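Every number here is computed from the coordinates shown, using simple stated rules; none is lab data. Everything numeric here is computed off the predicted structure, so don't read it as measured data. We place every Cβ from the backbone using ideal geometry, glycine too, and count neighbours over all the protein chains shown.
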Amino acid sequence: MDGMKKEHQKLHIAVFPWLAFGHFLPFLHLSSHLVQKGHRISFLSTLKNLRRLSQIAPNLSSLVTMVPLPLPLPLPAVHGLLDSAESTFELPFHLFLNLKRAYDQLQLPLTEFLHNSDVNWLIYDFAPHWLPPIASRLGINSVFFSILGASSLAFMGPPEKLLLLDQQHMEDLTVVPEWIPFPSTVAYRLYEVIGIHDCMDPEAPDFFRLAKVIEGCRFVAIRSCAGLEDDSLSLLEKLYQKPVVPVGLLPAEVNDSERDENWDSLRQWLDEKIQNSVLYVAICTEFTLSQDEMNELASGIEKPGLPFIWVVKT
């Protein structure tokens with residue numbers, strides 16, 4: 001991002017995350033870092049999500065300009081919801097494809113905002129496959145920001161391979177990808193492939209969306225760091241044929257009044273352990289394991305005999 005290297009040049013940067021709080025917060029943390037560099041940030045999403053985000057992270061959200069985008073076609077009514085859903089938080093997994101279709105309806109109001117603003121750079125998520133050509137036409141530099149780590153993106157492959165994934169037989173995806181140059185046993189299980197396909201929009205599958213945002217951006221920013229994923233970051237640059245910039249892990253900034261009451265005892269426990277000896281386990285906040293899955297995961301965590309921290313959603 002050439003303009004960001006010049007300290008005297010202050011930019012207007014628009015950010016446009018996918019409609020999930022696991023995406024909103026990293027985008028907001030990245031925005032706060034850019035604000036501290038003196039840049040102006042417009043955070044784009046639907047009104048309901050922006051209101052909730054302002055309640056969850058008032059200190060962070062106050063640093064950026066929240067720009068509500070109207071959702072022209074609300075989702076079909078979902079049993080148990082009083083209002084139309086505007087985030088994955090409000091929907092079961094199998095209805096996520098409806099949300100992606102609704103997200104695509106933000107194209108018109110977003111284009112209108114960009115056309116009438118002085119935005120220099122646009123940072124977007126994996127889903128708006130239609131956005132890079134719009135940014136290019138308006139003379140706006142674009143960045144794909146991935147909340148996934150480099151190893152996950154490298155596993156999925158370059159854009160040309162992503163575009164073919166949806167045409168392959170499901171069984172073909174259960175082997176280690178051919179582009180992984182180092183020893184690995186990581187591959188999809190068949191049930192995982194089936195689950196992924198079940199929540200995709202057949203008209204614009206997630207693999208297609210991801211390929212298009214990678215192809216259309218100036219560079220890829222990724223929530224990672226070289227010390228953690230050096231090999232995968234180097235591999236990604238070869239796969240994408242464009243710069244891949246790690247922006248750090250973007251941990252939440254917590255002041256003393258917001259600290260969990262158990263943190264002091266947990267920190268003391270960690271300080272007593274040998275460096276790199278503690279296993280950390282956490283599942284994304286919107287995914288719920290069945291009891292059988294919890295039991296299997298617990299069994300796997302116990303087997304190595306290592307001390308561990310397991311974050312469990314109540």
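In table form, for the structure just shown:
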read-out	value
Which of SER277, TRP263, SER299, positive extreme of dipole for the range 256-311 (C-beta unit charges)	SER277
Debye equation applied to the C-alpha atoms of the range 256-311, log10 I(q)/I(0) at 0.18 Å⁻¹	-0.80
Full-extension gain in nm, LYS10 to ALA187, via 0.36 nm per residue minus C-alpha separation	59.4 nm
Scaled radius of gyration (Cα, divided by 2.2 N^0.38 Å) that the chain gives	1.04
Dipole axis of the chain (+1 Lys, Arg; -1 Asp, Glu on Cβ), positive-most option in PRO92, VAL245, LEU11	LEU11
Residue-span extension gain [SER277 to LEU47] - 0.36 nm each, minus C-alpha spacing	78.4 nm
Å³ per residue enclosed by the Cα convex hull of the range 79-171	154
Efficiency of FRET between VAL175 and ASN262 - r from beta-carbon atoms, R0 35 angstrom, step 0.05	0.25
In order through the range 46-55: 3J(HN,Hα) via Karplus (6.51 cos²θ - 1.76 cosθ + 1.60), integer Hz, x for Gly, Pro	7, 4, 4, 5, 5, 5, 5, 5, 5, 7
Separation in nanometres of the label points that stand 7 Å from Cα toward Cβ, at LEU270 and LYS37	2.7
Ranked list, fewest to most other Cβ atoms within 10 Å of each Cβ, for ASP271, ASP264	ASP271, ASP264
Angstrom value of the Kirkwood radius, inverse mean 1/r, which spans all Cα pairs in the range 23-146	15.5
Ranking of CYS225, CYS284, CYS199, CYS217 by count of other Cβ atoms within 10 Å, fewest first	CYS284, CYS225, CYS199, CYS217
Order of HIS129, HIS12 under a 10 Å beta carbon neighbour criterion, fewest first	HIS12, HIS129
At R0 = 25 Å, FRET efficiency that the Cβ-Cβ distance of SER54 and HIS115 yields, to 0.05	0.45
